[in-house]
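The values are calculated or read from the model by the stated rules, or taken from the named source; none is laboratory data. Predicted, not measured: the structure shown is a model, and the values here were computed from it. Counting neighbours? That spans all protein chains shown, and the Cβs are built from the backbone with ideal geometry, glycine included. Ligands, DNA and RNA are stripped out before the accessible areas are found, and what is left, the full protein with its side chains, is counted by its heavy atoms. Shrake-Rupley method; radii C 1.70, N 1.55, O 1.52, S 1.80 Å.
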Amino acid sequence: MAQSISLSLPESTTPSTGVWIKIVALFKTLGTLALLLIALPLNAFIVLVSLLWGLLFTKKPAVAAHPQNILVSGGKMTKALQLARSFHAAGHRVILVEGNKYWLSGHRFSNAVSRFYTIPAPQDDPEGYTQALVEIVKQEKIDIYVPVCSPVASYYDSLAKPALSEYCEVFHFDADITKMLDDKFAFTDQARSLGLSVPKSFKITDPEQVINFDFSQETRKYILKSISYDSVRRLNLTKLPCDTPEETAAFVKSLPISPEKPWIMQEFIPGKELCTHSTVREGELRLHCCSNSSAFQINYENVENPQIREWVQHFVKSLGLTGQVSLDFIQAEDGTAYAIECNPRTHSAITMFYNHPGVAEAYFGKTPLAAPLEPLADSKPTYWIYHEIWRLTGIRSGKQLQTWFERLVRGTDAIYRLDDPIPFLTLHHWQITLLLLQNLQQLKGWVKIDFNIGKLVELGGD
């Protein structure tokens, strides 16, 4: 909801500049808190009316033929809320879990959530993370654990899988598979070996590899991406080579490239960006959706793309995967779909299944499906209303305003539900507000608010 303003203090910055940056951070955060306070009465009224409506027109809760206890992680994120709602609607009991930093998750107040727990951050305390999950699984008699991982946690969930598997099913990949899928270079290598279309790619462990690269032999430009997740630099798509060798060298040397933190230099293919979410079991594609995409995607509308679906089916079947996998594609002008990266975790595009009754069966059922589940024909595109409100600041014409208004009317908010309205209030006016107040204490600054993921995007943050 805020512009991408970097408020970190470089080493070369003078003390006076540092003070100025802290002043900007102060007013930026105070201004955002003021806007949230202004919106609070309206949101509270919407939620109150929804609650009263629910009291008058309450539906009987669904009862599953074989009800199960489901543990879902990633409680701060909308995609975890969506899965909790889908599983609850099918008659299952859902326990939500999140890292200690996000004890303030507004989604814990959802009707779909039976219990909420916080656990240590896996990167800080891997053993404590695994042990905490095991204790929750034992205490709540969990049948299935469905990780809705952050980029960092996906590998640690794989490491925890052997310990957890003694007590429940873990709907996630083994550690070696997660490591391969999450490594942009290893993934493209694997896909290429299966005869699937991927861009030309090089693993970069030293800036000199790029500086000395002979770009004159290439027909396309290249971009650099960190192999490990970087919430800020992932939006930097500077094309290489730059206008001069000196500019190329300066840009590459500004990046934290090393053998310990390798990057991928990937061929930049002009075309349409698309993203997918797929739920797979033993190589069977059981649930799938595809949406147009961008570097910071906060709108999801299902698009039919048989070529991409077939690409995904070939890939997951060849590897016999079980879990959740998200892929980013570029569809070139000639129609060829190139997979540019893979994330072994849930995609926010899952929000497009908000009204689909078959999600739980796609995740937990063992009987093969005639075809993968896709969003219903009458499902609306999903958005996050506060992101849409912020977009008003960029509107410069009546045509743009009309497009914005039509998007709101055609779509639906990914968090608000008439039968489960409280998270709409508690995300914006509890979770985000408290994160801003914590940030204010440190005058740390932030790049933007991600209402979808439920966090402040900070330089060096999670």
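What to note about this one:
- Some residue of the range 346-369 being buried (at least 22 other Cβ atoms within 10 Å of the Cβ), more than 18 Å from the chain's Cα centre (by Cα), assigned to a helix (DSSP H, G or I) and of a type in the set (Val, Ile, Thr): yes
- Of the residues examined, SER114 is one that is open to solvent by 10 Å² or more (accessible area, probe 1.4 Å), at pLDDT 95 or above and closer than 27 Å to ILE422 by Cβ.
- Test: residue in the range 177-184 that is more than 22 Å from ALA339 (Cα to Cα), touching a strand residue (DSSP E or B) at 6+ places or on another chain (Cβ under 9 Å) and not aliphatic (A, V, I, L, M): no
- Scanning the range 234-265 for residues that are of a type in the set (S, T, N, Q) and under 11 Å from PRO207 (Cα atoms) gives THR248, SER254, SER258.
- Any hit, the range 237-252, residues being closer than 30 Å to GLU304 by Cα and touching a residue at least 40 places away in the same chain (Cβ under 8 Å): yes
- Looking only at the range 214-235, residues that are modelled with pLDDT of 80 or more and in a loop (DSSP other than H, G, I, E, B) come to 7 in all.
- Which listed residue, of THR382, THR393, is at pLDDT 90 or above and not aliphatic (A, V, I, L, M): THR382
- Whichever residue in the range 177-210 is of a type in the set (Val, Ile, Thr) and part of a loop (DSSP other than H, G, I, E, B) and, among such residues, is farthest from HIS314 (Cα to Cα): THR205
- Per-region count, the range 409-462, residues of a type in the set (D, E, K, R) and assigned to a loop (DSSP other than H, G, I, E, B): 6
- Residue satisfying all of: in the range 58-102; hydrophobic (A, V, I, L, M, F, W, C) and at pLDDT below 95; least open to solvent (accessible area, probe 1.4 Å) among these: ALA64
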